[in-house]
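Undergrad: Pasting a structure here, questions to come.
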Amino acid sequence: VNSHAHQTVLWTRQVFEGNLLIQYEMTRMDTSDYGTTLLYIQAQGIGSEPYAEDITDWSELRKIPAMNLYFENMDLISLSFRENLRCKRYPWKNTKGEWYPNKGLIKPMVDYAGIIPGKKYRVEVEKRVSSVTLRLFDGETKELLTDFTWDTTKIPEELEPIQKGRIGLRHMSTRQFIYSNFKVERL
């Protein structure tokens with residue numbers, strides 16, 4: 001848990017419902033080879049005490065943002081900007097405490113050029129009931145660098161489609177980004 005003390009998650013105050021377009025610009029400021037940054041989409045708690053659907057009701061439990069609190073007790077879609085792009089569905093465990101297949105990974109993991117330090121990117125994420133599309137653009141030239149859609153119906157049947165929640169940006173302890181022009185629209 002100590003390593004998680006240096007991580008952070010920035011949440012929207014607003015809860016967003018339905019199909020969404022999330023847009024923002026980001027510039028990576030670190031040069032570390034370790035860690036990732038994530039986009040959490042429509043996050044809610046799993047609904048059992050003390051993990052109420054409204055995640056602000058249990059924010060004190062996440063004062064140190066240990067990853068297991070998120071992947072075990074939140075209901076959300078996650079995009080991870082790593083050496084490859086990953087889309088995951090939380091929670092990773094069912095109500096009996098057993099791991100879902102692939103620990104929530106919605107295949108495939110997508111190869112891309114990565115996020116280069118000092119370079120500005122524009123991120124567009126289209127979240128619909130049955131899919132998540134990520135478009136990554138060069139922030140200066142506007143060139144489309146990545147355009148990929150994950151089929152979010154490829155999850156265990158007992159998990160309902162994500163429909164409502166807050167948007168969050170997570171940084172592991174080694175990651176530093178500058179964000180700007182963050183905007184969420186309902187589609």
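Undergrad: What is the spread of the Cα atoms of the range 93-162 along each of their three principal axes, largest first, in whole Å?
TA: 48, 23, 16
Undergrad: In the chain, what is the count of Lys pairs whose alpha carbons are under 17 Å apart, counting only pairs at least 8 residues apart or on separate chains?
TA: So the count of such lysine pairs works out to 17.
Undergrad: Kindly report the accessible area of the range 23-142 per residue (heavy atoms of protein chains, probe 1.4 Å, no ligands, DNA or RNA), in Å². Can you show the working numbers first?
TA: Working: 5540 Å² over 120 residues.
On a per-residue basis, 46 Å².
Undergrad: Convert 37 °C to kelvin, take the viscosity as 0.692 mPa s, use the Kirkwood radius over C-alpha pairs of the range 37-103 as Rh, and evaluate the Stokes-Einstein diffusion coefficient in µm²/s, rounded to a whole number.
TA: Translational diffusion coefficient: 265 µm²/s.
Undergrad: How large is log10 I(q)/I(0) at q = 0.13, 0.17 Å⁻¹ when the Debye formula is applied to the Cα atoms of the chain, each weighted equally and without solvent?
TA: With one equal scatterer per Cα and no solvent, log10 I(q)/I(0) is -0.65, -1.17.
Undergrad: Quick check: at a probe of 1.4 Å, how many percent of the accessible area of the range 1-154 sits on carbon and sulfur atoms?
TA: 48
Undergrad: How much FRET efficiency would the formula 1/(1 + (r/R0)^6) give for Arg82 and Glu49, where r is the Cβ-Cβ distance and R0 is 22 Å, rounded to 0.05?
TA: For Arg82 and Glu49, the calculated efficiency is 0.10.
Undergrad: In debye, nearest 20, what is the charge dipole magnitude of the range 54-187 about its Cα centre with +1 on Lys and Arg Cβ and -1 on Asp and Glu Cβ, if you could check? All intermediate terms of the calculation are to be shown ahead of the outcome.
TA: Details: 24 positive and 19 negative charges, 54 e Å.
Approximately 260 debye in magnitude.
The values are calculated or read from the model by the stated rules, or taken from the named source; none is laboratory data. Predicted model, so just to flag it, every value in this text is computed and none were measured. As a convention, Cβ positions derive from the backbone with ideal geometry for all residues, glycine included, and neighbour counts pool all protein chains shown. Note: accessible area is taken over every heavy atom of the protein model, side chains too, but ligands, DNA and RNA are not part of it. Shrake-Rupley method; radii C 1.70, N 1.55, O 1.52, S 1.80 Å.
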